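Engineer: After the structure tokens below, expect a handful of questions from me.
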Amino acid sequence: MIPIKLDIQGLYSYKEKQTIEFDKLTAAGLFGIFGAVGSGKSSILEAILLALYGSTERLSDRGEKNSMVNLQSDLLLLNFEFSSGKNNAKTYLARYSAKRNPKNFDDIKPAEHTFYEKVDGNWEPISARAEEIVGMKKEHFKQTVIIPQGKFREFIDQKPLDQAKMMKELFGLERFDLSFKTGLLLKAVKEQKIRLETQLQGLEEYSEEVLIEKQGHFSELKTHATDASQKLKITETEIRLQENLRAKNQQLLKFRTERESLNIQRPEIEKQRQLHSEFIKSKTHLRPVWDLLRDTNADLEKYKVSVIDCERFKIEFAKEVADLEKEEEELKKKNQERPQREAKIRDLKKVIEIQSLETQREVANATLLNLQPSIKTKKEAQKALETKITELETEAEKISSTDSAQLANLISSAKDWKTLEVQLSRLQSEEHELTKEVKRIEEKLEALKSTIPAKEDSFENWLTTQKATIQKLEKERDILMQKQGLAAHVHLLHNGEACPLCGSLDHPSPLQGDDENTLAQKDLEIQEAKVLLDQIQTSKSSFGELTFHLENNQKNTASKSSELLETKQNLSSLNATLAKEGIESHEALLSKIQAIERNSQSREKLIQEVKSLRKNWDAERISIDQSEKELQQAQLKLQSVLSNISSKKEEIRDMVFCKQFFTKESEQIRFAIDKVEKDIEDALKSLEGKQKHLREKRSVADKNLADLSNFIQLRDESSTKLEKLTADFEALKIKHGFQDEERLISLFQHSLDAEKVAREVADFDRKHDIAENRIQELEAEKGVADFQEQAFQELSTSFENLKTNAESFQNQVLLLDKEIQEAISKLAEKKSLQADFVKLEVRESYLKELDNLFRGSGFVKFVSSIYLKELCNTANVRFMKLCKNRLSLEIDDNNTFWVIDYLNGGKKRLLKTLSGGQTFQASLCLALALAEKVKALNQADQSFFFMDEGFGALDKNALRVVFETLKSLRHENRIVGIISHVEDLQQEIGVFANVELDPELGSQVSYSF
């Protein structure tokens, strides 16, 4: 995993959004993140853990989320872009966001935690989590990639079982846990063995002896079956011959019976033959003439009846035509009076129009009588309104008009006066508070300065002096430790023998080791000096912060004083301006504004009343104009109606006839008009109907006369034809021998199917001829006529017995052959199963032995121990270099770390006995070795390692060696990041990010590039 960019907003001290450009930092190979204590350095690592795994090192992501979010922020947002996967070829984005509940400040809503993968330049959401993307859990990530504060020596302090578990999870050693697979294989072998035993038990009855016995029995049965089959074939040939004779004998008996039956049917067939001959003769020669004779007689009767009907219709139609002609004449006379009647109808319609105009004249007179008094009343009311308007306008002119600009200025001045007074009070209060704060900070600074020794003029010098003191004490301690280590080898020096260290044969003055108490006392002095150094650094940081706050407060005080002076000047200027107008106080100003506003309201009220009255006057004027216009229209309407009445009376032709209708209602006149019009229309329609009916009757009478002549002619022709047909029919009867006419007519009416009768007669003749011929043929064949049924049945019984015996032998042979084949197959299967059973027993013994070996994850523990030993060997390369070959690491069979002390005769001691600095060195070497193994596991050409602690516990020389080691990692294509407040490291590392805590903006990130 290689980080690319991290955006932090709202996490711990990061109030505003800050971006960590990791791609620029990691380009140097070795980079640092520096800053004062509490500036927010470690929060960067916490942000990475939170973005990846959803929780931080210090707080969980559930109940303690409220403490994660910056107290001045409502949103926590993290965007972490990184590369991972094989050779770090894929780019991912981890996003973590959480918001405060707007209704409850202490409540944080559930966080949104999502991951994206860059595909073709676009971010696409994915469901994978950090464990799958990075390839390790959070606990392992903190031990191999990012090591937070307080967790650097966690791997060393783990129990052997936890270390083995970590190796298993980190490097996928569960693939070596073969106990489960071995158990499955052993179980499968046992189950297969049980199945084979069951199968072998089912094959116990099959053996070689039983097979040989069955094969002998099979030969005997086969011989008997062959003999029985030959006898059956001889008998079968004889019975087939007898069966043929039997079939022919049965045919002979059948045809004899059929011939006797046909002889019984012959009289009836002869009778049918004669009837068929007579029926065909009558149907062919006589039936057509007889049918024609019958049809002609029916036509003659029909024509006679038609002649009688037509003569009767002739008389009736003549009478109806005469009646219709008389009615037509009467209707023609009535329609000749139509013009005079229509003229009277027109005069009556004029009377109705005159009556309507008289009604309009009365309405116009009534309108004139109503409008004249109304117009007079409205004009008097308008004069009264004009008088009232004049009075109100005179009263409004007496009130002076208000200067709106002056009123606006006075209102603005009153508002500004109030605002300036409030602002003045607020500024005075703020200035007082800032003065008190400046005084309090100055007191704290004086108290801190008093802690500086008299010989030191500042915290910086004091800090430099204290660091020099610590370095001096550590150098003295190193000399004591070297002496003590060399003194442990003094007992090995003998005159004439080589020194194990320098190889000299002379030992003039062997080194004497100092007392153990001296070394302990020196360690105590160093520890006290370091505590004092921390106190000095804390005081220095506090002094800097207080100085910064003091400067800010002094600037704020000066700014507030300037604002206060400006506010006072503005208030004085406003008072002077108002004094010129005679206003001395804020209350006087308000009173004057109220007086002006009241005067303005009174005048405005009068003006509005005048406007309302003028509006009413205008409305009345419009109403009067409208009424006068309606009066003129009514007068014109009356004149027009009188003119129309005179004109309509002149248009009436028969005034004498119409005079009686002027006093009647219009509805009565319309009723009379409608009645006459309907009578005229009905008379016209009746005439047309009568004329049409008369034409139809004349046409029907003419057609009846033509039909009468035609029917008389047809009647005469049918009578002549009937006489001729009667003579022809009598001649045919004599010719064909039908003297009895009733017999002939019964033949005509007989429903005989001639074709069917002819087929039956022909079938009878054919069947009789076939029976005679077959009887002659069968009687001529030998053995057919004298066939004996009893002899045949005896032969059949003998044949069935021989057939049953042969089939019995054949079935026994087949069954025994099948048993022999099955026995051969089962014997082969039995031998195969026995061989498989022997193999399974051998495999079961092997698997039992492997199951005992792999039980309890023993093999995994063994592989884990090998990984830990390789890890230890890799770490020793750097660790021995860091400690100048004085110490090395070793791990025993129980996965416990030991230290080999070469200054004490190569004796072993627990890793926990190392000092703080040596423990850091050992932890660093193991962490680097572990990271290297993870890099190889992920097949990456570059790896990333980030640590956040430990350097403050090292002396200057150890720090230099560690730093050189870290720099050398760049040659191994490894990226190393360091978080520290140690200034010496900042001077050594050229590429770094600096984190500063701003009181207003929060943590701010800057870069060295």
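Engineer: Once label points are set 7 Å from the Cα along Cα→Cβ at both ASN801 and VAL422, what is their separation, rounded to one decimal in nm?
Structural biologist: Once both label points are built, they end up 14.3 nm from each other.
Engineer: Moving on to the next point. Report the gain in length on full extension from THR284 to SER623: 0.36 nm times residue separation, minus Cα-Cα distance, nm rounded to one decimal.
Structural biologist: 110.3 nm
Engineer: Now for a different question. Suppose each label sits 7 Å from its Cα in the direction of the beta carbon; what would the ALA701-ASN87 distance come out to in nanometres?
Structural biologist: It works out to 12.8 nm between the two label points.
Engineer: Which lysines does LYS735 reach when only Cα atoms under 20 Å apart count, and residues fewer than 8 places away in its own chain are ignored?
Structural biologist: LYS281, LYS283, LYS724
Engineer: How big is the charge dipole of region 286-409 about its Cα centre, in debye rounded to the nearest 20, if each Lys and Arg gets +1 on its Cβ and each Asp and Glu gets -1 on its Cβ?
Structural biologist: 360 debye
Engineer: List the lysines whose Cα sits under 17 Å from the Cα of LYS592, skipping any in the same chain fewer than 8 residues away.
Structural biologist: LYS415, LYS418, LYS580
Engineer: In nm, what is the difference between 0.36 nm times the number of residues separating GLU329 and ASN710 and their Cα-Cα distance?
Structural biologist: 133.7 nm
Engineer: Let me ask something else about it. Can you list the HN-Hα couplings for region 202-209, worked out from phi with the Karplus curve (6.51, -1.76, 1.60; θ = phi - 60°), rounded to whole Hz and with x for Gly and Pro?
Structural biologist: Karplus values, whole Hz, x for Gly and Pro: x, 9, 5, 6, 8, 8, 5, 5.
Engineer: How big is D for region 638-705, in µm² s⁻¹ as a whole number, if Stokes-Einstein is applied with the Kirkwood radius of its Cα pairs at 20 °C and 1.002 mPa s?
Structural biologist: In µm²/s, the coefficient rounds to 131.
Engineer: Out of SER915, LEU887, THR557, whose Cα points farthest toward the positive end of the dipole of the chain (charges: +1 Lys, Arg; -1 Asp, Glu; placed on Cβ)?
Structural biologist: In the chain, that residue is THR557.
Engineer: Another question, then. Provide the FRET efficiency to the nearest 0.05 for the LYS818-GLU243 pair, computing r from the beta carbons and using R0 = 41 Å.
Structural biologist: It comes to 0.70.
Engineer: Using a simple charge model, +1 on the beta-carbon of Lys and Arg, -1 on the beta-carbon of Asp and Glu, nothing else, what dipole does region 185-241 show about its Cα centre, in debye to the nearest 20?
Structural biologist: 360 debye
Engineer: Expressed in whole Å with the largest first, what are the equivalent ellipsoid semi-axes of region 784-829 derived from the C-alpha gyration tensor as the square root of 5 times each eigenvalue? Don't jump to the answer; show the numbers that get you there.
Structural biologist: Working: eigenvalues 397, 9, 3 Å².
So the equivalent ellipsoid measures 45, 7, 4 Å along its semi-axes.
Engineer: Show log10 I(q)/I(0) for region 520-601 at q = 0.15, 0.16 Å⁻¹, two decimals, from a solvent-free Debye sum over equal Cα scatterers.
Structural biologist: Per q value, in the given order, log10 I(q)/I(0) is -0.79, -0.82.
Engineer: With a Förster radius of 45 Å, plug the Cβ-Cβ distance of THR469 and THR896 into 1/(1 + (r/R0)^6) and report the FRET value to the nearest 0.05.
Structural biologist: For THR469 and THR896, the calculated efficiency is 0.70.
Engineer: Beyond 29 Å between alpha-carbons counts as too far, so tell me which of LYS24/LYS138; LYS314/LYS692; LYS398/LYS615; LYS190/LYS869; LYS436/LYS540 fall in that bin.
Structural biologist: From LYS24/LYS138; LYS314/LYS692; LYS398/LYS615; LYS190/LYS869; LYS436/LYS540, over 29 Å: LYS190/LYS869.
Engineer: Of the labelled options (1) -0.34, -1.07, -1.27; (2) -0.78, -1.25, -1.31; (3) -0.55, -1.27, -1.45, which one gives log10 I(q)/I(0) by the Debye sum over Cα atoms at q = 0.05, 0.09, 0.10 Å⁻¹ as computed for this structure?
Structural biologist: This structure yields the entry labelled (2).
Engineer: Turning to a different aspect of this structure: Within region 720-734, whose backbone N sits under 20 Å from a point 7 Å along Cα→Cβ of ARG294?
Structural biologist: Backbone N within reach: 721-734.
Engineer: Around LYS697, what is the net charge, scoring Lys/Arg as +1 and Asp/Glu as -1 over all other residues with Cβ under 14 Å from its Cβ?
Structural biologist: Once positives and negatives cancel, what remains is 0.
Engineer: Given LYS483/LYS912; LYS159/LYS483; LYS142/LYS181; LYS472/LYS908; LYS15/LYS118, which pairs have Cα atoms separated by over 26 Å? Mind dumping the intermediate values first?
Structural biologist: On the way: LYS483/LYS912 23 Å; LYS159/LYS483 35 Å; LYS142/LYS181 33 Å; LYS472/LYS908 30 Å; LYS15/LYS118 29 Å.
Violating the 26 Å Cα-Cα cut-off are LYS159/LYS483; LYS142/LYS181; LYS472/LYS908; LYS15/LYS118.
Engineer: Using the Cα centre as the reference, give the magnitude of the dipole from point charges on the C-beta atoms of region 83-129 (Lys, Arg: +1; Asp, Glu: -1; all else neutral), rounded to the nearest 20 debye.
Structural biologist: Values: 9 positive and 6 negative charges, 19 e Å.
Taking the Cα centre of region 83-129 as origin, the dipole is about 100 debye.
Engineer: Now a separate question. I want the antiparallel fraction of DSSP beta bridges within the chain, as a percent rounded to 5.
Structural biologist: 75 percent
Engineer: Right, something else. So what's the net charge close to ILE622: Lys and Arg +1, Asp and Glu -1, counting the other residues with Cβ under 14 Å from its Cβ? Provide the component values of the computation, followed by the final result.
Structural biologist: On the way: positive: LYS378, LYS379, ARG614, LYS615, ARG621, LYS629; negative: ASP618, GLU620, ASP625, GLU628, GLU630.
Local charge sum for ILE622: +1.
Engineer: While we're on this one: Which order do PHE115, PHE945, PHE313 fall in if you start with the one that has the fewest other Cβ atoms within 10 Å?
Structural biologist: PHE313, PHE115, PHE945
Engineer: Which Cα, out of VAL363, LEU331, LEU424, lies furthest along the positive dipole direction of region 319-430 (beta carbon charges, K/R +1, D/E -1)?
Structural biologist: My answer, from the dipole projection, is LEU331.
Engineer: Nearest 0.05, what FRET efficiency do VAL676 and GLU311 give at R0 = 45 Å with Cβ-Cβ as r?
Structural biologist: In this case the efficiency is close to 0.40.
Engineer: Among ALA94, PHE279, ALA343, whose Cα sits farthest toward the positive end of the charge dipole of the chain (+1 at Cβ of Lys/Arg, -1 at Cβ of Asp/Glu, about the Cα centre)?
Structural biologist: Looking along the dipole axis, the top candidate is ALA343.
Engineer: So, one more: Assuming 0.36 nm per residue, please report the length gained on full extension of the stretch LYS349 to PHE218 beyond their Cα-Cα distance.
Structural biologist: Numbers: separation 131, 0.36 × 131 = 47.16 nm, distance 13.95 nm.
Net length gain for the segment: 33.2 nm.
Engineer: Taking the 0 to 90 degree range and rounding to the nearest ten, how far is the long axis of helix 789-854 tilted relative to the main principal axis of the chain, both from C-alpha atoms?
Structural biologist: The helix 789-854 is inclined about 20 degrees to the chain.
Engineer: A further question on this structure: Work through the residues other than LYS304 whose Cβ is under 11 Å from its Cβ and net out their charges, Lys, Arg +1 and Asp, Glu -1.
Structural biologist: Numbers: positive: LYS302, ARG715; negative: ASP299, GLU301, ASP309, ASP716.
Counting the neighbours of LYS304, the net charge comes to -2.
Engineer: With label points built 7 Å along Cα→Cβ from the Cα atoms of SER356 and SER591, find their separation and express it in nm.
Structural biologist: For SER356 paired with SER591, the spin-label model returns 8.4 nm.
Computed from the coordinates by the stated procedures, all read-outs in this text should not be read as laboratory data. Small disclaimer: the values here were computed from a predicted structure and weren't measured. No Cβ is skipped: glycine too gets one built from the backbone with ideal geometry, and neighbour counts run over all protein chains shown.
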